[in-house]
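See structure below.
The numbers here are math on the coordinates, done by the rules we state, and not lab data. Given the structure is predicted, the values throughout are model-derived calculations rather than measurements. Neighbour counts run over all protein chains shown; Cβ positions are idealised from the backbone, glycine included.
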Amino acid sequence: MSRSLRVAAVGDLHCTAASEGLFQPLFAKIVESADVVVLCGDLTDYGTGAEARVLAKELAGLKLPKLAVLGNHDFESSASSEVAQVLSEAAGVTVLDGTAVEVLGVGFAGAKGFAGGFGERALQSWGEEPVKAFVRAAIEEALKLESALARLRTPGRVALLHYAPIHGTVDGEPVEIYPFLGSSRLEEPLNRYRPSAVFHGHAHRGQPEGATSAGVPVYNVALPLLRRRFPDRPPFRVVDVPLADPPASESRPPRSNDAAAADPRAVGA
Ligand SMILES: [Fe+2]
Ligand SMILES: [Fe+2]
């Protein structure tokens, strides 16, 4: 029996009303390569029910367990609930929002995340009320991620986000927009609960791989980025996530080395 689960990940599909048929080749490749697929937000371009219905039709043929978080584009038309409902009911997508689910022996925790910047330069809750509200939104998303991760009991655990939790997978974007691409507040729960892999999107021009300060591997799976960086492969990543801790007889690297241990198993498929 296989002791790992192949998790395919892609984000930023930006499906429009004109996208009918465009995702079929991508989804056909994913079915060949993985056991489960996660979609990291910006599933639609303007967040309309009509766009979600086009994507649901495309996804209906993808006969794998499907998990997703929404992205900022999925909120543009103030119809994010409809987008999530259409994808759930018409395509069987489990949309995570501060929630967790176990699929085929691996735990998945998901939240959209939010912006605010990274490290010591991150926006702080100080001054005008709109600034405090912005920071509050970032804190709430970090708390959602934390509570979702806290529910998982499986040896293999995966975190899904739309916004970046580290600046490493944002590098390459115009430096002026770094603070709008993610938040270090999302990194803290990842370091505490140490999932096997973290997937996010949103930074279309960032880096495909990085790690948190505790060595948790982070993959930016924004479709435009993967298409540009791996032009000879279909634009998604596959990471093997362990189903059980290895027997004591097998040497296992220290937890802080998990990024290096897991990374070579990631393929552009
Ligand atoms: Fe996007
Ligand atoms: Fe986005």
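Figures for the structure shown
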read-out: Computed E for Ala214/Thr16 - FRET, C-beta separation, R0 35 angstrom, nearest 0.05; value: 0.35
read-out: Rg to Rh, two decimals, where segment 1-63 supplies the alpha carbon set and Rh follows Kirkwood; value: 1.02
read-out: Inter-probe distance in nm under a simple model that places probes 7 Å from Cα toward Cβ, at Phe230 and Arg136; value: 4.1 nm
read-out: Amide H within-cut-off set for Thr99, under 5 Å, with H built and near neighbours excluded; value: Gly110
read-out: Within the chain, longest stretch free of exposed trypsin sites (Lys or Arg not before Pro) [DSSP loop, at most 11 other beta carbons within 10 Å]; value: 154-269
read-out: Size descriptor, Kirkwood hydrodynamic radius, that averages inverse alpha-carbon separations across segment 62-142, Å; value: 14.7 Å
read-out: Fraction of beta bridges assigned by DSSP in the chain that are antiparallel (%, nearest 5); value: 35 percent
read-out: Karplus-derived HN-Hα couplings along segment 125-135 (A = 6.51, B = -1.76, C = 1.60, θ = phi - 60°), whole Hz, x at Gly and Pro; value: 7, 7, x, 5, 4, x, 5, 5, 5, 4, 5
read-out: Most mobile listed residue (Asn191, Asn220, Asn72) in the chain, GNM with C-alpha springs under 10 Å; value: Asn191
read-out: Selected from Ile177, Ile139, Ile166 as most flexible by GNM, with the chain as the system and alpha-carbon contacts under 10 Å; value: Ile177
read-out: Gyration tensor verdict on segment 67-111 (Cα atoms; rounded if a/c is under 1.5, prolate if a/b is larger than b/c, oblate otherwise); value: oblate
read-out: Under 5 Å, built H, 5+ apart or other chain: amide partners of Thr154; value: Gly107
read-out: Average projected area [Cα convex hull, segment 1-122], square nanometres; value: 8.6 nm²
read-out: Count, lysine Cα pairs under 19 Å in segment 1-157, 8 or more residues apart or across chains; value: 7
read-out: Rounded if a/c under 1.5, otherwise prolate or oblate - segment 124-173, Cα gyration tensor axes; value: oblate
read-out: 25 °C / 0.890 mPa s Stokes-Einstein diffusion coefficient of the chain, Kirkwood radius on C-alpha pairs, µm²/s; value: 134 µm²/s
read-out: Net charge, Ala84 excluded, C-beta distance under 15 Å - Lys, Arg +1, Asp, Glu -1; value: -3
read-out: HN-Hα J in Hz across segment 103-119 - Karplus 6.51, -1.76, 1.60, θ = phi - 60°, x for Gly and Pro; value: 10, 6, x, 10, x, 10, 10, x, 7, 5, x, 7, 9, x, x, 10, x
read-out: Share, in percent, of DSSP beta bridges within segment 105-246 that are antiparallel, nearest 5; value: 20 percent
read-out: Local electrostatic count at Ala142 - Lys and Arg +1, Asp and Glu -1, tallied over other residues with Cβ under 12 Å; value: 0
